[in-house]
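Right, one structure below, let's go through it.
The values are calculated or read from the model by the stated rules, or taken from the named source; none is laboratory data. Only a predicted model underlies this, so the values are computations on that prediction, with no experimental measurement involved. Every residue, glycine among them, receives a Cβ derived from its backbone with ideal geometry; neighbour counts consider all protein chains shown. The protein model used for the area step is the full one, side chains on, heavy atoms only, and it has no ligands, DNA or RNA in it. Shrake-Rupley method; radii C 1.70, N 1.55, O 1.52, S 1.80 Å.
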Amino acid sequence: MALHARIPDVGGFGSLVENLLPWCGVFVPVLLAGALWRRSASAVVALVLPATVWLSLFGGLLTDRSHPGGDLTLVSHNVDAGNPDPTGTARELAASGAELIALEELTDQAGGTYEKGLATAYPYHVVRGTVGLWSKLPLSDTRAVNVVRGDAGPLARTKPPESAAETADGVRALRTTVATAHGPLAVYVVHLGSVRVMPRHGFWTDSRDFGARALAKAVAAERNKRVVLLGDLNGTTDDRVFHGLTSRLTSAQKTAGNGFGFTWPASFPIARIDQVLVRGVRARSSWVLPETGSDHLPVAARIGW
């Protein structure tokens with residue numbers, strides 16, 4: 001746990017360990033039970049080391065770090081290309097009362113449903129490819145951000161064969177400016193490439209890693225001092241590939257959340273791969289919203305100036 005960054009990333013093993021790093025803690029009570037069963041005092045004492053390391057890495061996440069107040073509420077949700085009830089999902093997201101709602105994994109078939117379901121509460125919205133942002137505040141200077149290297153993930157299965165190539169090379173990230181009472185806020189909405197466990201290649205992350213590096217360059221070049229990144233990164237902030245982002249942006253969950261905030265899979269979350277990252281603004285609180293019918297849970301954060 002302490003030296004996870006030094007684990008060789010052969011076959012993506014290092015990345016896989018880092019995405020599941022908090023779960024290393026489950027081995028401590030298992031080993032403790034074995035030590036007690038063997039009545040080994042030295043083994044019990046030895047377990048102080050891994051327990052201390054785990055607490056130093058994740059103990060702070062067990063407390064409530066939220067603060068009252070804030071100026072804007074943000075929501076991000078991978079709505080799932082195969083979502084059986086996009087109307088219900090749109091209704092539940094609108095009920096959150098957030099000023100900004102970022103959606104990922106939008107399809108041509110369901111896009112209109114989300115537009116219709118969110119139109120009343122959110123008069124401004126932009127969509128680029130499979131990501132979009134719905135806002136109660138004016139938007140401007142919207143552009144696509146290239147984070148794709150030929151892997152479409154689950155969206156490829158929702159398109160007719162003749163447009164599959166277009167989907168694979170499509171848009172999975174956008175950047176826009178939100179006009180707030182405190183000045184312009186740069187907002188990125190992102191859905192990085194899929195990751196897969198493959199028998200011959202191990203934990204395959206090539207598409208996601210390409211997007212992570214491209215996104216880090218875009219954020220590094222961002223001139224606006226106030227930045228928010230919302231989206232499905234297909235990885236946790238402990239993953240080494242996101243160092244270029246986490247060195248410039250702060251996780252709202254880590255600074256203002258309560259608990260780990262796991263988001264995937266929705267039926268039994270084991271990792272937080274859906275993120276709210278900020279720069280130049282303060283995260284006041286961060287939380288996970290209830291299940292909507294997607295295979296991801298929505299995440300929310302309240303930010304202030």
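Of the residues making up region 265-284, those that are over 11 Å from the mean Cα position of the chain (by Cα) and either open to solvent by 20 Å² or more (accessible area, probe 1.4 Å) or under 17 Å from Leu93 (Cβ atoms) (or both) number 10.
Out of curiosity, is Ser247 out of contact with any helix residue (DSSP H, G or I) (no Cβ under 8 Å at 6 or more places or on another chain), surrounded by fewer than 22 Cβ atoms within 10 Å (Cβ to Cβ) and not charged (D, E, K, R)? Criteria met by Ser247.
Pick out the one residue from Gly11, Gly59 that is small (Gly, Ala, Ser) and in contact with a His (Cβ under 8 Å, 6 or more places away or on another chain).
Every option except Gly11 fails the conditions.
Scanning region 286-296 for residues that are open to solvent by 20 Å² or more (accessible area, probe 1.4 Å) and modelled with pLDDT of 95 or more gives Trp287, Val288, Leu289, Pro290, Glu291, Asp295. Taking the criterion of being hydrophobic (A, V, I, L, M, F, W, C), open to solvent by less than 60 Å² (accessible area, probe 1.4 Å), more than 21 Å from Leu61 (Cα to Cα) and assigned to a helix (DSSP H, G or I), the only residue of region 1-34 that qualifies is Ala33. When Val75, Val126, Val79 are checked against the criterion of being open to solvent by less than 50 Å² (accessible area, probe 1.4 Å), touching an Asp or Glu at 6+ places or on another chain (Cβ under 8 Å) and hydrophobic (A, V, I, L, M, F, W, C), Val79 stands alone in meeting it.
Every listed requirement among (1) closer than 20 Å to Gly82 by Cβ; (2) touching a residue at least 24 places away in the same chain (Cβ under 8 Å); (3) open to solvent by 20 Å² or more (accessible area, probe 1.4 Å) is met by Arg149 save one, (1).
The sole residue among Gly183, Gly202 that is surrounded by fewer than 18 Cβ atoms within 10 Å (Cβ to Cβ), modelled with pLDDT under 95 and on the phi > 0 side of the Ramachandran plot is Gly202.
Taken across region 96-115, residues that are surrounded by fewer than 13 Cβ atoms within 10 Å (Cβ to Cβ), touching a strand residue (DSSP E or B) at 6+ places or on another chain (Cβ under 6 Å) and either hydroxyl-bearing (Ser, Thr, Tyr) or within 30 Å of Leu137 (Cα to Cα) (or both) do not occur at all.
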